[in-house]
C-alpha cells in the first residue's frame, strides 16, 4: 500500500509540513486529497465535509489548490496566458481572468516575465509560475509539492519569503519538501511518514530530534548516536 492509515489534521492558517524519504507516499497523499488518485479506504474532510469521490476539478472549486512536483506549464503559451487559464476557475470573462492573472504574477514576482513563453523560464521561474497558476484558482488550502527542489540558495530564500507571504494572505498551506532548511524554517507543525505510515508528528524541533525520523533519513547508525 502506498499510504496506510495516515491521519493528519491541518488547522486553518498554519503551514503544515509533510516529510519522508523518497517513495514514502507524500505525493500520493496529495493525489488522494484532490482525488487525482481515488482512495480505497478512509476519508478526506475539508472544512468538516467529506470530499471523497469528488472529481479533481470539483475539489479545486471547493478551495483546494495544488502544485505538482514535476512542473508542466503550458509550454508554448505565455506566462500570463498560463495563469489566465487557471483564473477561469473563478471568473467568467477574459478581462477578469487577465486582471486576476496580472495580480497573481505581481504577487509572485513574475510580472516582468508575463509575455515570455513559459518554456523559456529557468527552473526557479517555472516553480513560481506553478505556484501562480495554483493561486489564480483562489484556494483556501494550498498543497505545495517540492516547490523548492532545484533552486539555488538565493532562490530558496525567495521561495521561503513567498510561502510566508501566501500564508499572510490568509491561505493555509500543506507543504511537501525535502530541503530541510525550508521545511524546518517555515512549518508550524510537521508530520513525518515512511513506507506509507506515520512515524512522527509535532513541532519542527520535536520531529527533527525523533529517533524514527533520523533513522528513516540517515540510517540506524545515526539514530543510535
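For this structure, a couple of remarks:
- Shape summary of the range 1-54, radius of gyration then Dmax from alpha carbon positions: 11.4, 31 Å.
- Highest-first packing order for the peptide set 200-207, 115-122 is 200-207, 115-122, based on the mean count of other beta carbon atoms within 10 Å.
- Relative contact order (%) - the chain, alpha-carbon pairs under 8 angstrom, separation at least six: 30
- Cα pair distances exceeding 17 angstrom across the range 110-170, given as percent: 40
- The C-alpha atoms of the chain define a longest principal axis, and helix 153-168 lies at about 80 degrees to it.
- Size descriptors for the range 1-98: radius of gyration and Dmax over Cα atoms are 15.7, 46 Å.
- Between the range 164-186 and the range 1-39, the Cα center-to-center distance that results, in Å: 15
- Between 0 and 90°, nearest 10: helix 123-135 axis offset from the chain longest Cα axis: 80
- Helix-derived mean residue ellipticity, 222 nm - over the chain, DSSP H n ≥ 4, -39500 (n - 2.57), to 500: -11500 deg cm²/dmol
- Normalised size of the range 91-130, defined as Cα radius of gyration per 2.2 N^0.38 Å with N residues, equals 1.20.
- Cα-derived Rg over Rh, computed across the chain with Rh taken as Kirkwood radius: 0.98
- Of the residues 114, 26, the one with the fewest other Cβ atoms within 10 Å heads the list, and the complete ranking is 114, 26.
- Folded to 0 to 90 degrees: helix 94-107 orientation relative to the chain principal axis, Cα: 50
- Dimensionless Rg/Rh of the range 27-72 - Kirkwood Rh, Rg from C-alpha atoms: 0.95
- Each residue in 78, 172, 84 was given a count of other beta-carbon atoms within 10 angstrom of its own, and listing them fewest first yields 78, 172, 84.
- Fewest-first sequence of 89, 108, 60 by Cβ atoms within 10 Å of each Cβ: 89, 60, 108
- For the range 191-205 versus the range 93-128, the inter-centroid distance based on Cα atoms is 35 Å.
Where a number appears in this text, it was derived from the coordinates with a stated rule and is not lab data. Predicted, not measured: the structure shown is a model, and the values here were computed from it. Every residue, glycine among them, receives a Cβ derived from its backbone with ideal geometry; neighbour counts consider all protein chains shown.
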